[in-house]
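Take a look at the structure set out below.
The values are calculated or read from the model by the stated rules, or taken from the named source; none is laboratory data. Just so you know, these numbers come straight off a predicted model, no measurement behind them. Methodologically, a virtual Cβ is constructed for each residue, glycine included, from the backbone with ideal geometry; neighbour enumeration extends over all protein chains shown.
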């Protein structure tokens, strides 16, 4: 792939245009962050006016934790790929997998995954995105009169456009993965805004957001796909459990153990799969950990 030739040099913007970018696309940036953002736009050859690149500022009111993340949008990733001269988008619609059993207020369509294909030198490259790994599901908070402050209600909600445009949002994540796979030299480290929604909703730092999303790239490269390899019982074979079913299968298994020794074997034999699950979904992994600890306490109490 040829080297990227910047198409939009910030030095060519008028003062009024620069001020407009500062007021709109980079409204939350301080002067140093704005300079960094414009330098990144120039390096990537992306135009803020065309929503090809943007800036997110976290912890705006906490100077010691304040961080900025520079994000691209799907049109920006497509623009960089198109400069290669060997990129072609798929003429067909994305492929979606639905499961009526997972329909809920936080997944109105029952979406499981989206698959998007692009072409490089007329050879297909596929990207896959799973709903559980990208949809920004967060705890709902409300004012609790008894506590005199805001507190979790016990319910969950889906943030942003994911509840209304779930297919489009998930397809953008899948397409971004396909583009990075096809053009790693130019797109490595560039993430589509929608890919960061889940991590953003969890109030992670920008570096943690990038790492959370990069996990999926690493899983794809080693062939892990959407499953995690685990051995549920001593004499059973290894099996790849779909990511969305992993927590339920683990909880179901440990709840059926009859001795602390069985549970100790399970944790020892599956240390790496459980760590992988933690890396990909810390919230769900924490719930699994609590269930394992509860099972251990029950088994130990029964053995006394």
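Among the candidates 19, 27, 39, 32, which residue alone is surrounded by fewer than 19 Cβ atoms within 10 Å (Cβ to Cβ), at pLDDT 85 or above, part of a loop (DSSP other than H, G, I, E, B) and outside the structural domain of residue 125 (by TED's automatic domain parsing)?
27
Can you work out which of the residues in the stretch 58-100 that are touching a strand residue (DSSP E or B) at 6+ places or on another chain (Cβ under 6 Å) and part of a loop (DSSP other than H, G, I, E, B) is surrounded by the most Cβ atoms within 10 Å (Cβ to Cβ)?
Residue satisfying both the conditions and the ranking: 94.
Of 176, 114, 129, which residue is within 28 Å of residue 44 (Cα to Cα) and in a helix (DSSP H, G or I)?
Criteria check complete, one pass: 176.
Which of the numbered conditions does residue 117 fail, given that it passes all the others? Conditions: (1) loosely packed, with under 12 Cβ neighbours inside 10 Å; (2) at pLDDT 85 or above.
Result: residue 117 fails condition (1) only.
Could you tell me whether the stretch 267-285 includes any residue that is within 27 Å of the chain's Cα centre (by Cα) and at pLDDT below 70?
Within the stretch 267-285 (the criterion being within 27 Å of the chain's Cα centre (by Cα) and at pLDDT below 70), the answer is yes, since at least one residue qualifies.
For the stretch 248-262, enumerate the residues that are farther than 14 Å from residue 231 by Cβ and in a helix (DSSP H, G or I).
Across the stretch 248-262, the qualifying residues are 248, 251, 252, 255, 260, 261.
Given the criteria within 20 Å of residue 198 (Cβ to Cβ) and modelled with pLDDT of 80 or more, does residue 295 qualify?
Taking the combined requirement at face value, the residue does not satisfy it.
Among the listed residues 208, 185, 140, which satisfies the condition of being surrounded by fewer than 22 Cβ atoms within 10 Å (Cβ to Cβ), in a helix (DSSP H, G or I) and either modelled with pLDDT of 75 or more or in contact with a strand residue (DSSP E or B) (Cβ under 7 Å, 6 or more places away or on another chain) (or both)?
So the residue among 208, 185, 140 that is surrounded by fewer than 22 Cβ atoms within 10 Å (Cβ to Cβ), in a helix (DSSP H, G or I) and either modelled with pLDDT of 75 or more or in contact with a strand residue (DSSP E or B) (Cβ under 7 Å, 6 or more places away or on another chain) (or both) is 185.
Yes/no matrix, rows are residues, columns are (1) under 22 Å from the mean Cα position of the chain (by Cα); (2) within 18 Å of residue 25 (Cβ to Cβ):
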residue	(1), (2)
49	no, yes
55	yes, yes
64	no, no
85	no, no
102	yes, no
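Answer with yes or no whether residue 148 is free of Cβ contacts under 8 Å to residues at least 60 places away in the same chain, over 21 Å from residue 179 (Cβ atoms) and either surrounded by 13 or more Cβ atoms within 10 Å (Cβ to Cβ) or in contact with a strand residue (DSSP E or B) (Cβ under 8 Å, 6 or more places away or on another chain) (or both).
No.
Condition (residue is within 23 Å of residue 118 (Cβ to Cβ) and touching a residue at least 40 places away in the same chain (Cβ under 8 Å)) applied to the stretch 57-70: is it met by at least one residue?
no
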